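Structure first, commentary second.
The values are calculated or read from the model by the stated rules, or taken from the named source; none is laboratory data. Quantities reported herein were computed from a predicted structural model and do not represent experimental measurements. A quick note on method: Cβ atoms are made from the backbone with ideal geometry, for glycine too, and the neighbour counts reach across all protein chains shown. Accessible surface is based on the protein model in full, side chains and every heavy atom, while ligands, DNA and RNA are left aside. Shrake-Rupley method; radii C 1.70, N 1.55, O 1.52, S 1.80 Å.
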Amino acid sequence: MKRILTIVGARPQFIKAAAISHTIRDNHSSEMQEDILHTGQHYDDAMSGQFFTELDIPLPRYNLGVGSGPHGKQTGLMMSGIEEILLQSQYDGVLVYGDTNSTLAGALAAAKLHVPVYHVEAGLRSFNRSMPEEINRVVADHVSTLLFAPTQTAVHNLRNEGLNSNDIVFSGDVMYDNVLHYSSIALQQTKPLRDSYILATLHRDFNTDNPDRLRHILSALKTIAEQLGTEIVFPMHPRTRKCIDSMMFEPLPKSIHVIEPLSYLETLAALQRCSLVLTDSGGLQKEANFCRKYCVVLRPETEWVELVEDGAAILADADEQKIVDAALRLMGQTPTANLHFGNGNAAETIVRHILES
Ligand code: UD1
């Protein structure tokens, strides 16, 4: 029996971990036992608790309750808590996801104790080291034992950095597994948010903490709502809400509906029902494509370069004109289907490789 510790802390990690947890529970419970450690990076029910309930994820065995804080303090507190647990209990490996501070802390703490690290969503690169996520993913990849790359571009990035080809597995993307599994459930279990709308989200620090970028993006949303006569649904991350409040911008027009962060199923239903996605989220860019919606990316670059090459995602940065032009051109249109993120079997591939390692 292989004992695995799954380390999660932030919203997108709960969603990714659900795919693997279900695969272990349903197909491999005689060979693998999983415990979950929640760092506490996200703690509001809307950002954390509701995902465990809705996605039927086993409750965390450990919760470090670290909460928000500056990067060094937050990551340091997590590392110290994870180290203590790894020293107390014998785990055969640690599973980490994506690129958050929880990923970095889990990977570093385990690697220093010579516990194998399995990194899901390895090899993504924006090549922009001013993003905390880029630092987290580069470091996590370089201390990992097995690197599960969701795309061939990610495989290529890892090889380019000199990582051992034997440790790199093209697994496909667990988020695609989830979309295939949950899409119709999401539509059945939710009501439409409005008759027709554009879905917008924003949470990256370089957008929320920079008054100029934030102002340009909000102004683009207003112009789109006015020029297209469409409503915009804007589920707001707590960081974004705090920044908008503190910068005391003019109130948003009524056609922009600011709501609480959505659950996973609500998000998936909203993606299927909307006419366009505007976002700086990494996960939502892919999910938009899996749901056959165009995505206007509110960043200068993206890790998901395939989507841009296919024309399914448009890099509009915080450039008001580019955002508005892309929205006017693409609203209600249908991009190409998923070509790059595997066949919906990523979680099974990952669990098998861990068992065989
Ligand atoms: C983190 C990840 C980011 C990921 C995102 C998903 C890092 C460096 N960033 O960003 O990669 O895309 O999660 O959402 O790990 N807050 C609350 N309640 C919560 C959580 C956060 O109010 O439950 C507020 C706090 O003011 C906090 C701020 O949001 O300071 C930022 O939270 P933090 O976890 O530092 O980063 P995210 O922006 O969520």
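A few notes on this one:
- Unique match (being within 30 Å of Gln41 (Cα to Cα) and at pLDDT below 95) among Ile232, Ile259, Ile244: Ile244
- Residue under evaluation Tyr97, criteria (1) closer than 23 Å to Glu31 by Cα; (2) away from the ligand (no atom under 14 Å from the Cβ), criterion not met: (2)
- Unmet requirement for Gly344, which otherwise passes all of (1) touching a Gly at 6+ places or on another chain (Cβ under 6 Å); (2) at positive phi: (1)
Each row is one residue, and each column tells you yes or no for (1) more than 10 Å from the ligand (Cβ to nearest atom); (2) more than 19 Å from Ala105 (Cα to Cα); (3) in contact with a helix residue (DSSP H, G or I) (Cβ under 9 Å, 6 or more places away or on another chain).
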| residue | (1), (2), (3) |
| --- | --- |
| Gln13 | no, no, yes |
| His22 | yes, yes, yes |
| Gln41 | no, no, yes |
| Ala46 | no, yes, yes |
| Gly65 | yes, no, yes |
| Ser68 | no, no, yes |
| Gln74 | no, no, yes |
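- Among residues of region 326-357, those that are outside any helix (DSSP H, G or I), under 30 Å from His22 (Cα atoms) and open to solvent by 50 Å² or more (accessible area, probe 1.4 Å), counted: 6
- Listing of helices (runs of 4 or more DSSP H) fully contained in region 205-318 that carry 3 or more residues being away from the ligand (no atom under 15 Å from the Cβ): 211-228, 264-273, 282-290, 305-309
- Flag for Leu124 being under 22 Å from Thr349 (Cα atoms) and more than 14 Å from the ligand (Cβ to nearest atom): no
- Some residue of region 134-156 being in contact (Cβ under 8 Å) with a residue 60 or more places away in the chain, open to solvent by less than 10 Å² (accessible area, probe 1.4 Å) and within 12 Å of the ligand (Cβ to nearest atom): no
- Complete set of residues in region 55-71 that are more than 13 Å from Leu37 (Cα to Cα) and open to solvent by 60 Å² or more (accessible area, probe 1.4 Å): Asp56, Ser68, Pro70, His71
- Residue count, region 102-133 (criterion: part of a helix (DSSP H, G or I), open to solvent by 10 Å² or more (accessible area, probe 1.4 Å) and of a type outside the set (D, E, K, R)): 4
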